[in-house]
Amino acid sequence: MTAPTTISSVPVTTDQEQEPTWKRELNHLPTPYPRGTPLTGDAAAQFTLRAVNAYGMGASIRDINGHTGRSFGAVRLSLLKAGVRLRGRGGARNGARPPVA
């Protein structure tokens, strides 16, 4: 006879709860966009709106480009045309730089 098994009380999370909020914003877009197809009209406006929101939520241009299938330059240009001030390159710097020897 075997001992009864117990079920642990580990909460189960769905994939949607684990993904970043910016990714949920981009999930509303018809992705991936066909490569080389220019976005015009409502499609361009919707893409720009969602890209601006995702960028504001912390997504990088590369994150948006990878999720939507649009090129880095197309995403960057969309953000600039929308008047978004782009973040600087690289990660956060913690403290002062070490002295040069």
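Descriptive notes on the structure:
- One residue stands out among those in the range 54-95 that are open to solvent by 40 Å² or more (accessible area, probe 1.4 Å) and of a type in the set (Lys, Arg): the one that is modelled with the lowest pLDDT, which is Arg93.
- Single residue of the range 20-36 satisfying the filter (in a loop (DSSP other than H, G, I, E, B) and modelled with pLDDT of 80 or more) that is farthest from Gly66 (Cα to Cα): Pro20
- Subset of the range 38-53 [open to solvent by less than 60 Å² (accessible area, probe 1.4 Å) and not in a helix (DSSP H, G or I)]: Leu39
The values are calculated or read from the model by the stated rules, or taken from the named source; none is laboratory data. Just so we're clear, the structure is a prediction, and the values are computed from it rather than from any experiment. Note: areas computed on protein heavy atoms with side chains; ligands, DNA, RNA excluded. Shrake-Rupley method; radii C 1.70, N 1.55, O 1.52, S 1.80 Å.
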